[in-house]
1. List the number of the failed condition for residue 54; all other conditions in (1) in contact with a strand residue (DSSP E or B) (Cβ under 7 Å, 6 or more places away or on another chain); (2) within 30 Å of residue 9 (Cα to Cα); (3) in a helix (DSSP H, G or I) hold.
2. Does residue 59 meet the test of being out of contact with any Phe, Trp or Tyr (no Cβ under 8 Å at 6 or more places or on another chain), touching a residue at least 24 places away in the same chain (Cβ under 8 Å) and outside any loop (DSSP other than H, G, I, E, B)?
3. Among the residues of the range 75-99, write down those that are more than 27 Å from residue 149 (Cβ to Cβ) and either among the hydroxyl-bearing types (Ser, Thr, Tyr) or in contact (Cβ under 8 Å) with a residue 12 or more places away in the chain (or both).
4. Condition check: surrounded by 15 or more Cβ atoms within 10 Å (Cβ to Cβ), assigned to a loop (DSSP other than H, G, I, E, B), in contact with a Gly (Cβ under 6 Å, 6 or more places away or on another chain) and not hydroxyl-bearing (Ser, Thr, Tyr). Does residue 45 satisfy that?
5. Under 6 Å between Cβ atoms, which residue pairs at least 6 apart in sequence (or on different chains) link something in the range 1-21 that is under 17 Å from residue 33 (Cβ atoms) with a partner that is not in a loop (DSSP other than H, G, I, E, B) and not hydrophobic (A, V, I, L, M, F, W, C)?
6. Given the criterion open to solvent by less than 50 Å² (accessible area, probe 1.4 Å), outside any loop (DSSP other than H, G, I, E, B), in contact with a Leu (Cβ under 6 Å, 6 or more places away or on another chain) and not small (Gly, Ala, Ser), identify the matching residue among 71, 33.
7. Pull up the range 55-68, narrow it to residues that are closer than 16 Å to residue 124 by Cβ and out of contact with any helix residue (DSSP H, G or I) (no Cβ under 8 Å at 6 or more places or on another chain), then point me to the one that is surrounded by the fewest Cβ atoms within 10 Å (Cβ to Cβ).
Amino acid sequence: LKIVFVSGHSGAGKSALVEHAKKSIKKKNICFISGKFDHLQQAKPLLAIDAAFAEYSNEIAQRGQQHILQIRKSIIEAIGTDVGVLTETFPCLSKIIGKPTTTPAEVHFIAAQHRFKFIFQMFVRAVATKAHPLVLFLDDLQWADAASLDLI
């Protein structure tokens with residue numbers, strides 16, 4: 001896991017730099033997904049991350065049923081019966097994982113937060129591997145909601 005921050009003043013060319021990097025990354029068959037935070041959408045937690053994983057779900061779906069099954073298997077092996085915790089927050093992932101067969105157990109709020117973060121980490125480890133690298137680009141981080149900042 002590597003984190004890179006691109007910072008600079010408005011109009012400095014950060015987005016152009018990332019777009020150039022994206023083209024280069026995609027040529028290497030690496031999955032590049034992105035989400036953009038918006039100061040008008042701060043009341044909607046995890047919106048940019050959800051948008052990025054909606055893009056991921058669509059990209060995986062376009063690669064065909066065999067790839068979907070391979071990714072689903074990796075996710076299920078990593079998360080097990082707790083996939084519902086993930087699809088509850090990111091419904092777009094149901095395209096890959098399918099509809100959960102179990103409902104997540106009700107737990108105290110703090111425990112639920114910890115469980116979600118752990119499951120999200122396991123999910124990312126399952127889908128972002130050396131064989132299948134994943135680049136997640138989050139734009140306008142200064143507008144990120146607290147839940148997104150806590151998750152990343």
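The values are calculated or read from the model by the stated rules, or taken from the named source; none is laboratory data. All figures in this text were calculated on a predicted structure; none of them were measured in a lab. Because the Cβ atoms are built from the backbone with ideal geometry, glycine has one as well, and the counts that use them run over all protein chains shown. Just so you know, the surface numbers come from the protein's heavy atoms only, side chains and all, with ligands and any DNA or RNA stripped out. Shrake-Rupley method; radii C 1.70, N 1.55, O 1.52, S 1.80 Å.
1. All conditions pass for residue 54, except number (1).
2. yes
3. 76, 77, 81, 98, 99
4. Here the answer is no, as residue 45 does not meet what is asked.
5. Sorted first by the residue in the range 1-21, then by its partner, the pairs are 6/14.
6. Criteria check complete, one pass: 33.
7. 59
To keep it simple, each residue is scored yes or no on (1) within 18 Å of the chain's Cα centre (by Cα); (2) closer than 20 Å to residue 122 by Cα; (3) crowded, with 17+ Cβ neighbours inside 10 Å.
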residue	(1), (2), (3)
17	no, no, no
20	no, no, no
50	yes, yes, yes
53	yes, yes, yes
81	no, yes, no
